[in-house]
Amino acid sequence: MKLALIHPQIIRGSGVENYLIEFAKRLSASGHELTYITSLTTPEIGATLPGRWELQPRIRGSATMRMWHFNRLAPRAVGDADLSIAFGRTCMQDIHRNGTGCHRIYGNLLPLWQRLSVKHLYELHLERRLYTRRETKQFISSSARVAAQLQGVYGSDGERHRIISPPVETHLFKPAENRANTREIICRKLQTDAAKPVLIFVSLSHRRRGLEPLLEALARIDATLWIVGKSLSPTLRDKINHLGVASRIRAVPVTSDLVELYQSADWFVHPTQYDAFSNTVLQSMACGLPGIVSVMDGAVDHVRNGENGLMLYHPQQPKELAARIQEALAYDATTWQVLSTAARETVQALTWDRHMQEWTEVLEGT
């Protein structure tokens, strides 16, 4: 089948773009002929992905202007493709894969100046057009939560929505063969008291992912927190010092081995305000690390409260977050192991092979 993949930039960067690159490799390996319609890529990506490239002009100016320009040009470049699949804010394609969730709902969390920006208003316009018109035949969402949000906000036909959960590489993300030994090594490396429980928070967007309420919750409990990802701003460092929790916090660079960190921690804590689907939830579960996961993340579809993790219903309330963490830390070793095993078993079926099989059914049925 001839497929056109549409995205403003095909580079290694966000989760959506990294997913697109791996997805394209697997489509090509399955025998599909691919055309890439984009305005930005790199020589390395161009050499890695087999197929034809249709590079669109990348105009100067604001991000809004580039978005408008690409949205106009991309549909004209599809050519003789049997189906076109888009991953960004475009309106005219056969299939749209949503990797960012409902912008209308997420936008309500933004500061007022961002909600009133031209870029935000144009993104809302594109999303409204995408989900209220008939130009796109099929919508692919990562979670039932996001699909329900989009249908509720825009009244789009439920038959046009399909849920395909992201895959997780369980051969890479897996429990340690000797957890006690791995934990001892990592705790020593991070100068962490191995006798105390360890929480891990992974984020490149600390405000949206709920780091501030987590810091306030940490002041109420006796545990260590590893903050993995984006560096801490001066404002966050001031807050940490003000709360008196600096000695129990370790800021860990994103370049660290995330698998070993998951294998060594006791709980994954994810109090996000909004996420379409955080891969970190599946990755931590694959490592046998149970999580305290916000219901505002689509990945909570895979969390069964009290069986393979805990749900967090009000992620912005430090008291509830602290209570949930205290509940988790009160579990004995046997109960924790039951949750750990269940977390791993939950995601083992979410392989790339299964993921591509579900996509094959969509392509053949569209």
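The values are calculated or read from the model by the stated rules, or taken from the named source; none is laboratory data. Note that the coordinates shown come from a computational prediction; the quantities given were computed from them, not determined experimentally. In this analysis, Cβ positions are derived from the backbone assuming ideal geometry, glycine residues included, and neighbour counts consider all displayed protein chains. The protein model used for the area step is the full one, side chains on, heavy atoms only, and it has no ligands, DNA or RNA in it. Shrake-Rupley method; radii C 1.70, N 1.55, O 1.52, S 1.80 Å.
Name the residues in region 168-205 that are open to solvent by less than 20 Å² (accessible area, probe 1.4 Å) and in a loop (DSSP other than H, G, I, E, B), would you? Listed by number, the residues that qualify are 168, 192.
Total residues in region 70-98 satisfying the condition of being in contact with a Ser or Thr (Cβ under 8 Å, 6 or more places away or on another chain) and closer than 22 Å to residue 117 by Cα: the figure is 3.
Looking only at strands (runs of 3 or more DSSP E) that fall completely inside region 66-154, which ones have 2 or more residues that are of a type in the set (Gly, Ala, Ser) and closer than 21 Å to residue 21 by Cα? If you could, list the steps in order and put the result at the bottom.
Numbers: elements: 83-86, 95-98, 138-141.
Once the strands (runs of 3 or more DSSP E) in region 66-154 are filtered for at least 2 residues that are of a type in the set (Gly, Ala, Ser) and closer than 21 Å to residue 21 by Cα, what remains is 83-86.
Residues are listed down the side, and each one gets a yes or a no for (1) aliphatic (A, V, I, L, M); (2) more than 12 Å from residue 346 (Cα to Cα); (3) in contact with a Phe, Trp or Tyr (Cβ under 6 Å, 6 or more places away or on another chain); (4) not in a loop (DSSP other than H, G, I, E, B):
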site: 263; (1), (2), (3), (4): no, yes, no, yes
site: 268; (1), (2), (3), (4): no, yes, no, yes
site: 277; (1), (2), (3), (4): no, yes, no, no
site: 280; (1), (2), (3), (4): no, yes, no, yes
site: 283; (1), (2), (3), (4): no, no, yes, yes
site: 288; (1), (2), (3), (4): no, no, no, no
site: 301; (1), (2), (3), (4): no, no, no, yes
site: 311; (1), (2), (3), (4): yes, yes, no, yes
site: 314; (1), (2), (3), (4): no, yes, no, no
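Out of everything in region 264-279 that is open to solvent by less than 20 Å² (accessible area, probe 1.4 Å) and of a type in the set (S, T, N, Q), what residue ends up being nearest to residue 186 (Cα to Cα)? Lay out the reasoning, then the answer.
Initial filter on region 264-279 (open to solvent by less than 20 Å² (accessible area, probe 1.4 Å)): 264-265, 267-272, 274-276, 278.
This time we only want the ones that are of a type in the set (S, T, N, Q), so: 264, 272, 278.
Values: 264: 7, 272: 26, 278: 24 Å.
Only one residue fits best here, namely 264.
When residue 285 is tested against the conditions (1) open to solvent by 10 Å² or more (accessible area, probe 1.4 Å); (2) closer than 22 Å to residue 165 by Cβ; (3) hydrophobic (A, V, I, L, M, F, W, C), the lone failure is (1). Annotation: of all residues in region 336-359 being in a helix (DSSP H, G or I) and open to solvent by 50 Å² or more (accessible area, probe 1.4 Å), the one that is nearest to residue 219 (Cα to Cα) is 337.
The requirement of being at pLDDT 95 or above and either of a type in the set (Val, Ile, Thr) or crowded, with 18+ Cβ neighbours inside 10 Å (or both) is not satisfied by residue 59.
Out of 307, 320, 327, I need the residue that is more than 25 Å from the chain's Cα centre (by Cα) and of a type in the set (Asp, Glu). Which one? From the options 307, 320, 327, the qualifying one is 327.
Of 132, 64, 90, all but one fail to be open to solvent by 20 Å² or more (accessible area, probe 1.4 Å), out of contact with any Cys (no Cβ under 6 Å at 6 or more places or on another chain), among the polar types (S, T, N, Q) and under 20 Å from residue 160 (Cα atoms); the exception is 132.
Of the residues making up region 239-261, just one is open to solvent by 40 Å² or more (accessible area, probe 1.4 Å), outside any helix (DSSP H, G or I) and under 15 Å from residue 217 (Cβ atoms), namely 244. Residues that are within 15 Å of the chain's Cα centre (by Cα) and among the hydroxyl-bearing types (Ser, Thr, Tyr) were ranked within region 4-29; the one that is surrounded by the most Cβ atoms within 10 Å (Cβ to Cβ) is 19.
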